[in-house]
Amino acid sequence: MSSSILRDTTDTELWQLVRQDSLPAYGELYERYWETLYETAYWRLYDKDAAKDIVQEVFIYCWQKREQIQITESVEGYFRTAVRFKVLNHLKSEQARDKYSQLAGREIPEITHSTEETLASADLEASYRRELQRLPDKMRQVFIESRDHGLSVREIAEKHGLSEQTVKNQLSAALKKLREGLGNFFLE
């Protein structure tokens, strides 16, 4: 497929091509979302190198696991969620390293991500998706539009003919249910 045809292809169609080992389709998704994902990571970490590394790790993981990853709703949302989980893991690793460094009174060498951490991240992602599916349909839809698609409360309210307070209540209830289901993992 030529790059001009790929530019006109939907994300979902591109992901299906990726699952069939299409590197050009994957390149197109990379071009579409690399910058947005980098900004998502950077504004949480304020570390350019760490943000770049996290986005690269997500893209590498998704390419390596392309046959197992089934994205049915939003490819961008899936990528953004994966980046957020990687950022959380990064922050947890840094906090632990800082804590132990202070206790020991010296610098602790940086530890690279292990296979165990990668699997834990994948397990967390699967648990998140499972808990998300347990939410009532309208609540899940409002949550996905807010978190994965980046819509504002006002935009969601207008789209569904709801009051802004109803949307806020739905988001609050969704977060509460997800926190309970995930054992209070760090959700925004």
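The values are calculated or read from the model by the stated rules, or taken from the named source; none is laboratory data. Small disclaimer: the values here were computed from a predicted structure and weren't measured. Calculation scope for accessible area: heavy atoms of the full protein, side chains included, ligands and nucleic acids excluded. Shrake-Rupley method; radii C 1.70, N 1.55, O 1.52, S 1.80 Å.
Structure data summary
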{"item": "Listed residues E13, E35 arranged by accessible area, highest first, probe 1.4 Å", "result": "E35, E13"}
{"item": "Pairs from K86/K168; K86/K138; K48/K159 whose Cα-Cα separation, in the structure shown, is over 32 Å", "result": "K48/K159"}
{"item": "Full-stretch length increase - D8, K176 - with 0.36 nm per residue and alpha-carbon distance subtracted", "result": "56.6 nm"}
{"item": "Heavy atoms of T12: accessible area, 1.4 Å probe, square angstrom to 10", "result": "60 Å²"}
{"item": "Rounded to whole Hz, the Karplus (6.51, -1.76, 1.60) HN-Hα couplings of region 127-140, x for glycine and proline", "result": "5, 4, 4, 5, 5, 4, 5, 7, 5, x, 3, 5, 5, 4"}
{"item": "Rel. contact order, % - alpha carbon contacts under 8 angstrom, at least six apart, region 126-182", "result": "43 percent"}
{"item": "Amide H partners (placed H, <5 Å) of T9, local residues excluded", "result": "none"}
{"item": "Probe 1.4 Å - accessible area at I54, Å² to nearest ten", "result": "10 Å²"}
{"item": "H149 - accessible surface, heavy atoms, 1.4 Å probe, Å² rounded to 10", "result": "90 Å²"}
{"item": "Heavy-atom accessible area ranking, 1.4 Å probe, most first, across W15, W34", "result": "W34, W15"}
